[in-house]
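J.: The structure's right below; bear with me while I get my questions together.
What follows draws every value from the coordinates through simple rules; no lab data is involved. Here the structure is a predicted model, which is why all the values come from computation and not from measurement. Glycine also receives a Cβ, built like all others from the backbone with ideal geometry; neighbour counts cover every protein chain displayed.
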């Protein structure tokens, strides 16, 4: 690994543990996603908890032990700079990959890396995986143990079922009470008008929103050569066509699809970041974060 200038998605796909991937991507490359107006990180004592085997002994309250001859731990309320919610699309369209790395693989690498980075900065990060319903939800926390749980969930996550971004986003926007950072990782293969309304709901609730639009190189280039059958991964619909005859029309519709998101998100002060999964993840993130730091 030493001397590598970037980390190729194919290399990442051969590493089994997402915590190692996150460290490889983040450490030594990235200085920070979020610049908080608050300095430092503080904790505030809230209550005691009876010790149970496996608890961290560094929080043992020896003064209470001296008085009661019983073991109690100090519990703290974390005061973090930021609460971040990572929303990961796990619908079947994310299975697609023209090479050995799928959109789902790349999205999980990205979610793991961002979670690792945010935890390192003492920010609270949560994870919500969804398709037509919510699959897993971990509320934001800033502990290393919580990071490990996020990585475990990501390891176990599989792409299945159809997409329904708008329903999930509207419900979440109503239930998050404190302003925070919403990070969406998705191919956005849903009705753009409905997705846009749902994202605007987050902005109406004063959340900062970043949308990572994940696409496969072949979805961008449509570089298919042979007459063949194409399968819709979410509906199961099949269509037989000649790629040469529809390529120009496909490009026009894709450009319109992307332009609609980019234009409306810009008008709504939503940060839109498009990438294809052939891009080395650390270089992509570093480029994005450097750009973000200058805003």
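J.: What is the extension gain from residue 231 to residue 244, computed as 0.36 nm multiplied by their sequence separation minus the C-alpha to C-alpha distance, in nm to one decimal?
T.: This chain segment gains 3.0 nm when fully extended.
J.: Something else: Residue 62 to residue 271: extension gain in nm, 0.36 nm per residue of separation minus the Cα-Cα distance?
T.: 70.3 nm
J.: Whole angstrom only: what separates the Cα centroid of region 127-146 from the Cα centroid of region 78-124?
T.: 10
J.: Could I ask something else about it? What distance in nm lies between label points placed 7 Å from Cα along the C-beta direction at residue 203 and residue 283?
T.: Here the answer is 3.2 nm between the modelled labels.
J.: Based on alpha-carbon centroids, what's the gap between region 155-231 and region 239-295 in Å, whole number please?
T.: 12
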